[in-house]
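Notes follow once the structure below has been shown.
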Amino acid sequence: MAPKTTDDTPQLPTKVVSEGLQTQPYTAAAGGMGAVTSVFREANRHTGLLRCIKLLGSINQSDGFDCPGCAWPDPPAAERTAFEFCENGAKAIIAEGTRERVGPDFFEQWSIDQLLEQSDHWLEAQGRLTHPMVRKAGATHYTPIEWSEAFDLIARELNTVESPDEAIFYTSGRTSNEAAFLYQAFVRNFGTNNMPDCSNMCHESSGRGLGASIGIGKGTVSLQDFDEAEAIFVIGQNPGTNHPRMLTALERAKERGSRIVSVNPIRERGLEAFAHPQKPMALLGRSTTISDLYLQVRINGDVAFLKGMMKIIMDREEQAPGTILDHSFIDTHTAGFEDFKAALTQVQWSEIIEQSGLTRPEIEAAADIYCQAKSAIVCWAMGLTQHKNGVGNIQEVVNLLLLRGNIGRPGAGACPVRGHSNVQGDRTMGIVERPSESFLVNLEASMGFKAPRKHGVDTVEAIHAMKEKQAKVFFAMGGNFVAATPDTAYTEAAIQETELTVQVSTKLNRSHLITGNQALILPCLGRSEIDNQASGPQFVSCENSMSVVTRSQGNNEPASPTLMSEPAIVAHLAHHTLGETSPVDWLHLVEDYDRIREIIAQTIPGFEHYAARIRDRDGFVLPNSAGSREWRTQSGRAEFTVHPIPHIDLAEGQYLMATVRSHDQYNTTIYGLDDRYRGIFGERRVIMMNPEDIQEAGLQEGQVVDLTSHFEDGERHAPRFVVVQQNVPRKCVFTYFPEANPLVPARSVAKLSNTPTSKSVVISMTPA
Ligand SMILES: Nc1nc2c(c(=O)[nH]1)N[C@H]1C(S)=C(S)[C@@H](COP(=O)(O)OP(=O)(O)OC[C@H]3O[C@@H](n4cnc5c(=O)[nH]c(N)nc54)[C@H](O)[C@@H]3O)O[C@H]1N2
Ligand SMILES: Nc1nc2c(c(=O)[nH]1)N[C@H]1C(S)=C(S)[C@@H](COP(=O)(O)OP(=O)(O)OC[C@H]3O[C@@H](n4cnc5c(=O)[nH]c(N)nc54)[C@H](O)[C@@H]3O)O[C@H]1N2
Ligand SMILES: [Mo]
């Protein structure tokens with residue numbers, strides 16, 4: 001099949017759906033000129049063109065900074081182009097590099113109540129935070145505070161809690177290895193493992209599922225594997241928006257003859273066709289067809305689909321024994337195959353078809369592509385992890401890979417595509433509420449304090465703990481806790497029960513406005529900025545989705561001279577809070593980040609000679625046991641597992657809702673109101689529906705509806721969403737995160753991983 005196509009489809013007309021909302025089906029390839037235009041529009045608005053070009057020129061270069069966008073890996077340094085970034089990475093950098101500032105005068109002008117009336121988009125657009133600010137108990141406004149006074153205030157609160165477990169320390173995934181290591185060390189020296197992080201809402205199901213099945217909670221592939229795979233499955237992921245540089249890898253694979261299968265209820269444009277925005281021919285309209293097969297599975301129909309595929313694989317093997325399954329791999333490397341096989345025989349086709357929403361020929365086509373490929377990779381993201389059976393989803397993917405020995409050899413493997421640029425590294429550095437004993441033993445040996453053993457709270461448990469007044473201090477290293485978490489009303493009430501909330505941030509967001517009795521904003525440097533400490537300019541390091549650790553050095557003037565780096569904030573916090581009681585000289589450590597790397601090298605396996613190896617322009621790759629077919633599981637083998645096909649029963653008038661990202665946002669940071677590839681412009685409070693469902697419900701496109709979610713503990717409401725058509729399966733509807741978070745019940749979580757089920761919420765709607 002010739003992958004190159006010239007996109008001459010005529011542009012369809014724009015439709016005005018309601019006031020402010022327009023739709024226009026997107027017919028061109030993803031990327032292309034549209035991506036370039038979009039970057040320059042953002043640049044014009046926030047940084048100016050020259051500054052933008054300077055910023056973009058150092059993204060993902062060996063002497064520059066790691067793109068703060070997503071965790072997709074960079075090609076080896078020798079293969080990198082002068083501009084190694086994507087549209088949405090560029091938007092993230094432009095957002096950080098904005099000329100706008102939010103300083104003391106801004107907070108004098110705006111009361112917290114007034115700010116609460118503004119949208120997330122507006123808050124983000126006000127610019128970079130410049131000064132530490134405090135909201136004293138009962139105050140209507142934030143006022144400036146000196147850094148040392150801010151640290152004294154936090155230390156005072158932390159030192160008056162009855163138990164260290166009354167403090168909670170959240171992390172979002174942009175935090176560098178150096179900052180994360182120092183942070184978790186401080187928290188454990190203080191005496192708690194209460195370290196929830198954004199991973200709890202993200203790839204926790206992947207970590208738990210992979211950990212139990214193959215003995216390591218990380219992916220097993222490298223970027224080179226994409227150059228060898230003969231089949232690539234992309235399940236529950238929208239790379240055109242969320243990992244655009246992945247499309248380059250898919251395009252290359254496609255040009256080589258690899259076949260690509262997409263499994264997604266929405267026909268995501270980036271998975272259909274792609275034009276590389278940095279290739280001249282692509283800008284003239286040449287594009288690559290990405291998917292050979294596009295399966296519009298029902299929301300949470302993936303277990304049924306995967307079981308269907310595996311049933312066909314077993315049938316094919318029966319017809320031609322020894323030609324389909326990798327028996328020698330199964331015999332020497334796996335456990336549980338017989339039970340798995342017996343359970344699969346019991347599964348009925350009628351159930352598979354009903355629950356997946358796919359036809360048998362479609363599932364057969366996917367199985368054929370899988371069986372014809374000598375090596376296959378399965379990639380996934382939130383479409384698999386954020387369900388009640390999120391862990392089961394991942395383990396079914398592993399089952400599929402194990403059948404043909406597709407783990408631990410070139411061109412094959414499991415590829416959870418991570419979100420935040422260092423979310424994987426933060427975990428490696430010990431940001432985890434349930435640390436392993438060996439990690440704690442090493443930490444005690446390298447740092448000289450006693451680390452607590454009691455497990456801490458994860459994100460959802462943190463919300464409950466605050467609600468039940470078991471936590472007095474909430475400290476957030478980045479992120480936007482109240483907007484990113486489920487059950488907005490409940491979470492806001494929980495946060496407001498605390499005595500002190502502290503946010504280390506670059507930009508203004510909702511978490512600065514819904515706070516504890518007292519609140520602090522600590523403004524920090526961004527990735528792209530020069531970080532000067534006592535020994536001179538510093539660099540940090542990050543681990544990408546494929547376990548490659550590379551350095552990242554900002555080279556722009558900080559947004560304000562009053563900003564502190566994240567490591568420095570942690571060091572001062574530790575110094576003020578722990579004082580003489582700590583065996584660690586925190587301020588000395590932060591003078592030179594190599595000193596932090598020395599301790600990491602002593603504590604974490606795989607980081608030997610860290611300070612030296614990180615200076616290699618390609619960084620270094622962490623060891624991956626499963627990648628070399630060493631299985632650190634209970635049985636010492638890779639485990640086949642059995643899971644039931646999930647059923648979500650919908651009553652009349654109910655739909656299954658998934659909350660997704662638009663093309664113009666980075667999680668809770670809203671850059672704009674358009675979702676270009678889905679053809680939705682000017683409005684984010686929309687509900688995407690199948691046209692026949694719209695008709696059957698007696699609704700019309702453009703009509704405004706109020707949404708109610710239904711869960712065992714009751715109903716939740718979110719008003720005023722505009723109905724908009726989208727090519728999606730019947731009874732499946734889609735809204736944007738975070739607008740629809742009030743509908744996600746805090747207690748509706750995935751088994752084992754405790755991840756909120758943001759992709760399966762049962763809802764109904766009534767005309768507003
Ligand atoms: N530009 C940009 N980049 C980002 C982010 C961002 O917000 N903006 N966020 C970052 C973060 S933290 C993360 S975790 C990643 C998220 O990256 P993704 O996981 O790609 O993001 P989502 O939009 O949450 O949804 C994923 C896809 O799952 C599909 N889906 C929903 N339900 C199901 C289902 O039941 N089965 C299947 N098979 N598919 C389903 C949706 O249609 C959607 O295409 O991106 C990271 N990169
Ligand atoms: N309904 C629903 N909810 C979801 C999801 C979903 O798909 N649906 N996805 C979940 C997922 S996958 C994730 S990862 C979470 C994300 O949850 P979070 O990580 O908590 O949220 P973000 O929106 O990424 O955080 C944005 C804020 O980080 C700050 N920031 C940006 N850069 C830096 C920096 O360099 N340092 C510091 N200190 N701060 C910085 C800025 O102030 C910005 O406002 O949300 C989860 N929530
Ligand atoms: Mo994420």
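The values are calculated or read from the model by the stated rules, or taken from the named source; none is laboratory data. Everything numeric in this text was worked out from a predicted model, so none of it was measured. Virtual Cβ from ideal backbone geometry, glycine too; neighbours counted across all protein chains shown. For accessibility, only protein heavy atoms count, side chains too; no ligands or nucleic acids. Shrake-Rupley method; radii C 1.70, N 1.55, O 1.52, S 1.80 Å.
Observations on the model:
- Figure legend. Inter-residue proximity from segment 397-415: first residues open to solvent by less than 10 Å² (accessible area, probe 1.4 Å), second residues aromatic (Phe, Trp, Tyr), beta-carbon distance below 7 Å, spacing 6+ or different chains. Indicated pairs: Val397/Trp380; Asn399/Phe340; Asn399/Phe640; Leu402/Phe640; Gly405/Phe329.
- Checking every residue in segment 144-165 against the condition of being modelled with pLDDT of 95 or more, within 13 Å of ligand 2 (Cβ to nearest atom) and open to solvent by less than 40 Å² (accessible area, probe 1.4 Å) gives zero matches.
- Tally of residues being within 27 Å of Glu529 (Cβ to Cβ) and not in a loop (DSSP other than H, G, I, E, B) across segment 113-130: 9
- Any chance Thr289 is within 30 Å of Ile330 (Cα to Cα) and of a type in the set (S, T, N, Q): no
- From Ser662, Ser753, Ser760, residue being under 22 Å from Gly270 (Cβ atoms), under 23 Å from the mean Cα position of the chain (by Cα) and within 15 Å of ligand 1 (Cβ to nearest atom): Ser662
- Selection status of Arg629, under 30 Å from Pro244 (Cβ atoms), more than 16 Å from ligand 2 (Cβ to nearest atom) and touching a helix residue (DSSP H, G or I) at 6+ places or on another chain (Cβ under 9 Å): no
- Those residues of segment 98-122 which are in contact with a strand residue (DSSP E or B) (Cβ under 9 Å, 6 or more places away or on another chain), at pLDDT 95 or above and open to solvent by less than 10 Å² (accessible area, probe 1.4 Å), in sequence order: Val102, Gly103, Phe107
- Residue within segment 306-315 that is open to solvent by 40 Å² or more (accessible area, probe 1.4 Å), out of contact with any strand residue (DSSP E or B) (no Cβ under 8 Å at 6 or more places or on another chain) and at negative phi present: yes
- Among all residues of segment 694-717, there is none that is surrounded by 20 or more Cβ atoms within 10 Å (Cβ to Cβ), away from ligand 1 (no atom under 14 Å from the Cβ) and closer than 19 Å to Asn480 by Cβ.
- Considering segment 533-547, the residues that are touching a strand residue (DSSP E or B) at 6+ places or on another chain (Cβ under 9 Å) and assigned to a loop (DSSP other than H, G, I, E, B) include one that is nearest to Glu96 (Cα to Cα), namely Phe539.
- Scanning segment 484-532 for residues that are open to solvent by 10 Å² or more (accessible area, probe 1.4 Å), under 30 Å from Ser58 (Cβ atoms) and in a helix (DSSP H, G or I) turns up just one, Ala484.
- Where a residue in segment 148-161 is closer than 11 Å to His575 by Cα and its partner, wherever it lies, is modelled with pLDDT of 95 or more and open to solvent by 40 Å² or more (accessible area, probe 1.4 Å), with Cβ under 7 Å and at least six apart: Phe151/His572; Phe151/His576; Asp152/His576; Ala155/His576
- Among the conditions (1) crowded, with 21+ Cβ neighbours inside 10 Å; (2) among the charged types (D, E, K, R); (3) over 30 Å from Val642 (Cα atoms); (4) at pLDDT 95 or above, the only one that Asp227 does not satisfy is (1).
- The residues of segment 408-462 that are more than 16 Å from ligand 1 (Cβ to nearest atom), among the aliphatic types (A, V, I, L, M) and not in a loop (DSSP other than H, G, I, E, B), listed by number, are Leu440, Val441, Leu443, Ala445, Met447, Val460, Ala462.
- Applying the set (1) at pLDDT below 95; (2) under 28 Å from Gly390 (Cβ atoms) to Phe640 leaves exactly one unmet item: (1).
- For segment 598-606, the count of residues that are loosely packed, with under 14 Cβ neighbours inside 10 Å and either more than 18 Å from Ile431 (Cα to Cα) or modelled with pLDDT of 95 or more (or both) is at least one.
- Flag if Arg629 is in contact with a Leu (Cβ under 9 Å, 6 or more places away or on another chain), surrounded by 15 or more Cβ atoms within 10 Å (Cβ to Cβ) and basic (Lys, Arg): no
- Residue within segment 428-438 that is under 30 Å from Tyr666 (Cα atoms), open to solvent by 10 Å² or more (accessible area, probe 1.4 Å), more than 15 Å from ligand 2 (Cβ to nearest atom) and of a type in the set (S, T, N, Q) present: yes
- Considering segment 201-224, and only residues there that are surrounded by fewer than 24 Cβ atoms within 10 Å (Cβ to Cβ) and more than 25 Å from Ala335 (Cα to Cα), the residue that is farthest from ligand 1 (Cβ to nearest atom) turns out to be Gln224.
- Screening the candidates Phe169, Phe186, Phe190 for the property of being in the same structural domain as Ile604 (by TED's automatic domain parsing) and either away from ligand 2 (no atom under 16 Å from the Cβ) or at pLDDT below 95 (or both) yields one hit, Phe190.
- Pick from segment 718-748, criterion within 12 Å of ligand 2 (Cβ to nearest atom) and open to solvent by 30 Å² or more (accessible area, probe 1.4 Å), ranking: farthest from the chain's Cα centre (by Cα): Pro742
- Residue check for Ala476: open to solvent by less than 10 Å² (accessible area, probe 1.4 Å), in a loop (DSSP other than H, G, I, E, B), in contact (Cβ under 8 Å) with a residue 40 or more places away in the chain and more than 30 Å from Leu325 (Cβ to Cβ): no
- Count of residues meeting criterion [away from ligand 1 (no atom under 16 Å from the Cβ) and in contact with a strand residue (DSSP E or B) (Cβ under 7 Å, 6 or more places away or on another chain)] in segment 231-254: 4
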